[in-house]
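Quick notes on the structure that follows.
The values are calculated or read from the model by the stated rules, or taken from the named source; none is laboratory data. Please read these numbers as outputs of a predicted model, since none were measured by experiment. For neighbour counting, all protein chains shown are included, and Cβ atoms are generated from backbone atoms with ideal geometry for every residue, glycine included.
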Amino acid sequence: MANIKSQKKRIITSRKAKAVNRANRSALRTTLKKANTALTADGADKEAIVADTFSAIDKAVRKGALKKNTANRRNAAIAKAANK
């Protein structure tokens with residue numbers, strides 16, 4: 001354990017940030033899995049699913065959970081799956 005007060009505070013804040021980042025990544029993964037299963041199902045409203053998934057990916061970029069190029073690649077994959 002750290003002896004310096006500022007380092008103790010930094011440990012606490014980094015743990016909080018880690019928890020938030022983990023929750024954001026988990027929520028994004030869940031959204032992507034739901035989108036993939038919905039796009040493979042028949043009779044799904046693909047436009048709404050794609051729009052919701054795009055917004056979730058963009059939100060992850062704003063929060064720092066994803067890099068911009070990774071988000072663009074995932075958006076392209078979702079769009080390609082929706083157009084099949």
Within the stretch 63-84, residues over 12 Å from the mean Cα position of the chain (by Cα) and surrounded by 11 or more Cβ atoms within 10 Å (Cβ to Cβ) come out as Asn72, Arg73, Ala77, Ile78, Ala79, Ala81, Ala82
When the stretch 55-79 is checked residue by residue, the ones that are touching a Lys or Arg at 6+ places or on another chain (Cβ under 9 Å) and part of a helix (DSSP H, G or I) are Ile57, Ala60, Val61
Those residues of the stretch 47-62 that are under 22 Å from Arg22 (Cβ atoms) and loosely packed, with under 13 Cβ neighbours inside 10 Å come to a total of 2
The condition from (1) surrounded by fewer than 16 Cβ atoms within 10 Å (Cβ to Cβ); (2) in a helix (DSSP H, G or I); (3) at pLDDT below 90; (4) not β-branched (Val, Ile, Thr) that Ala44 misses is numbered (2)
When the stretch 18-30 is checked residue by residue, the ones that are surrounded by 11 or more Cβ atoms within 10 Å (Cβ to Cβ) and not basic (Lys, Arg) are Val20, Asn21, Ala23, Asn24, Ser26, Ala27, Leu28, Thr30
